[in-house]
Amino acid sequence: MALRSRSNVKEIFVSVGHKTSLKKAVDYVMAVTTKYRIPEPTRQADRIAGEYKRKLFNNLMIY
């Protein structure tokens with residue numbers, strides 16, 4: 001389902017999961033969506049992965 005978490009923002013796509021209905025998936029996404037378009041768990045995972053990549057890249061650089 002294409003879902004807009006707020007008006008005037010780009011939609012996000014929600015799909016069912018294992019033993020989860022579409023309605024429950026949409027309810028969950030709306031429950032964890034804060035002031036940003038992307039749900040908070042996804043935002044935090046992306047932030048942590050970005051930090052890890054930067055640290056890894058910085059350690060691999062040879063001067």
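Rule-based calculations on the coordinates, nothing more; no lab input. Not measured: the values here are computed from a predicted model. Ideal geometry is used to build each Cβ from the backbone, glycine not excepted, and the neighbour counts take in all protein chains shown.
Using alpha carbons only, how many degrees (0 to 90, rounded to 10) separate the axis of helix 22-31 from the longest principal axis of the chain? Helix 22-31 and the main axis of the chain meet at about 60 degrees.
Among the listed options (i) 14.5; (ii) 13.1; (iii) 13.7, the one matching Kirkwood radius over Cα pairs in Å as calculated from these coordinates is (iii). Principal-axis analysis of the Cα atoms of the chain puts helix 40-60 at an angle of about 10° to the longest axis. Net charge in the neighbourhood of Val26 (other residues with Cβ under 15 Å of its Cβ; Lys, Arg +1, Asp, Glu -1) is +3. On a straight-distance basis, which lysines could pair with Lys10 in a cross-link, Cα separation under 17 angstrom, same-chain partners fewer than 8 positions away excluded? Within the straight-line limit of under 17 Å, Lys10 reaches these lysines: Lys35.
Find out how many positive minus negative residues lie around Ile38, taking Lys and Arg as positive, Asp and Glu as negative, among other residues whose Cβ is under 15 Å from that of Ile38. Surrounding charge for Ile38 is +4. Between Met61 and Arg37, the distance separating the two model label sites (each 7 Å from Cα on the Cα→Cβ line) works out to 3.1 nm.
Can you check what the net charge comes to around Ala2, using other residues whose Cβ is under 12 Å from the Cβ of Ala2 (Lys, Arg +1; Asp, Glu -1)?
+1
For Ser5, the residues whose modelled amide H falls within less than 5 Å of its own, excluding neighbours fewer than 5 places apart on the same chain, are Ile12.
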